[in-house]
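Below is one structure, written out as structure tokens; comments come after it.
The values are calculated or read from the model by the stated rules, or taken from the named source; none is laboratory data. The shown structure was predicted, so the numbers you read here are calculated from the model rather than taken from an experiment. A quick note on method: Cβ atoms are made from the backbone with ideal geometry, for glycine too, and the neighbour counts reach across all protein chains shown.
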Amino acid sequence: MATIAAPVRNTASAVRTPGLWTPAYSLWRRELVRFYRQKARVVGVIASPLLFWVVLGSGFANTFRTHGAAGANDSHYLSFFFPGAIVMIVLFTAIFSMMSLIQDRNEGFLLSVLAAPISRSSIVLGKVLGGATLAAIQGWIFLVFSPLAGVHADVGGILYSLLVIALTSFSLTALGFIIAWPMDSTQAFHAVINLILIPLWLMSGALFPVSGASGWLRWLMLLNPLTYGVDALRNGLFPTQPTTFSPEVNLAVTLGFCAVVFLGSWAVVNRRTNKPAA
């Protein structure tokens, strides 16, 4: 009686590779755990912008006032600067979270992740979502001080502000990813941050309104996508005060900025993937 040979299974094809979300979740969770294990880092991210907000706001209290609607009283500079302080927290957290990308490369962790049978999109998604989650949480926590800034927003305004903080966190983290990915030195990363991201915040309307800037500076501020994020926070937190743009325009530009920088981070990773080995 003839025997039927069992089919030989191809072990290579039988290996199941993880999908997009499982590796991304692992990298996302790793970012959160590593951040909150560094207590000094958590305190510094909150304390530095808080100190900057109080000291700078108090210093300008008697020399800078923003005018509200006709017949309304002048608002305190602490109120004007409050959205900018939130964006500062988001910016600092996003920067430091993406600095870990350089540390992962130097310590060999990133090399092991790149050698794993996972999509490069998982790396982008996990790292960016991890940093964005940390930045958004820090920004949301800072909203606790909103009564000190004279914020009397309704539920809709608060929800709108929470959404804007999340979108701004995502966009700045993705931008930090684009800068950090090709770098091997934290010193070079700091130099680029001081050259690009800090001026990006300074020209976002956080310290002074767009309407009060000179001609050339005003155009730079209008071209700065972070300007619309800061202005959107003022839409949500101070709905009775006039802003440079409408909530719809600010939200649309912020969403577009998120899409552009995330696609840019994905393109940077894949461009490095297609680079021939030395």
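Considering only the range 138-154, I want to know if a residue exists there that is under 13 Å from CYS258 (Cβ atoms) and in a helix (DSSP H, G or I).
no
If the condition is being hydrophobic (A, V, I, L, M, F, W, C) and either surrounded by fewer than 14 Cβ atoms within 10 Å (Cβ to Cβ) or assigned to a helix (DSSP H, G or I) (or both), then the range 193-204 contributes ILE193, LEU195, ILE196, LEU197, ILE198, LEU200, TRP201, LEU202.
Checked across the range 80-87, the condition of being small (Gly, Ala, Ser) and at pLDDT below 70 holds for no residue. Count, please, the residues in the range 164-192 that happen to be among the acidic types (Asp, Glu) and part of a helix (DSSP H, G or I). Number satisfying all stated conditions: 0.
Let's see how each residue does on (1) farther than 26 Å from VAL54 by Cβ; (2) of a type outside the set (Val, Ile, Thr); (3) buried (at least 19 other Cβ atoms within 10 Å of the Cβ):
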{"residue": "ILE141", "(1), (2), (3)": "no, no, no"}
{"residue": "VAL155", "(1), (2), (3)": "yes, no, no"}
{"residue": "LEU159", "(1), (2), (3)": "yes, yes, no"}
{"residue": "LEU162", "(1), (2), (3)": "no, yes, no"}
{"residue": "ILE165", "(1), (2), (3)": "no, no, yes"}
{"residue": "PHE170", "(1), (2), (3)": "yes, yes, yes"}
{"residue": "ALA174", "(1), (2), (3)": "yes, yes, yes"}
{"residue": "ILE179", "(1), (2), (3)": "yes, no, yes"}
{"residue": "SER185", "(1), (2), (3)": "yes, yes, no"}
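Candidates are the residues of the range 205-226 that are outside any loop (DSSP other than H, G, I, E, B) and touching a Leu at 6+ places or on another chain (Cβ under 9 Å); the one that is modelled with the lowest pLDDT is VAL210. Consider the range 102-118 and keep the residues that are over 16 Å from ASP184 (Cα atoms) and buried (at least 18 other Cβ atoms within 10 Å of the Cβ). The one that is modelled with the highest pLDDT is VAL113.
For the range 227-263, a residue qualifies if it is β-branched (Val, Ile, Thr), surrounded by fewer than 18 Cβ atoms within 10 Å (Cβ to Cβ) and assigned to a helix (DSSP H, G or I), and the qualifying residues are VAL249, VAL260. Against the definition (touching a Lys or Arg at 6+ places or on another chain (Cβ under 7 Å) and not small (Gly, Ala, Ser)), how does ASN235 come out, yes or no? No, not satisfied.
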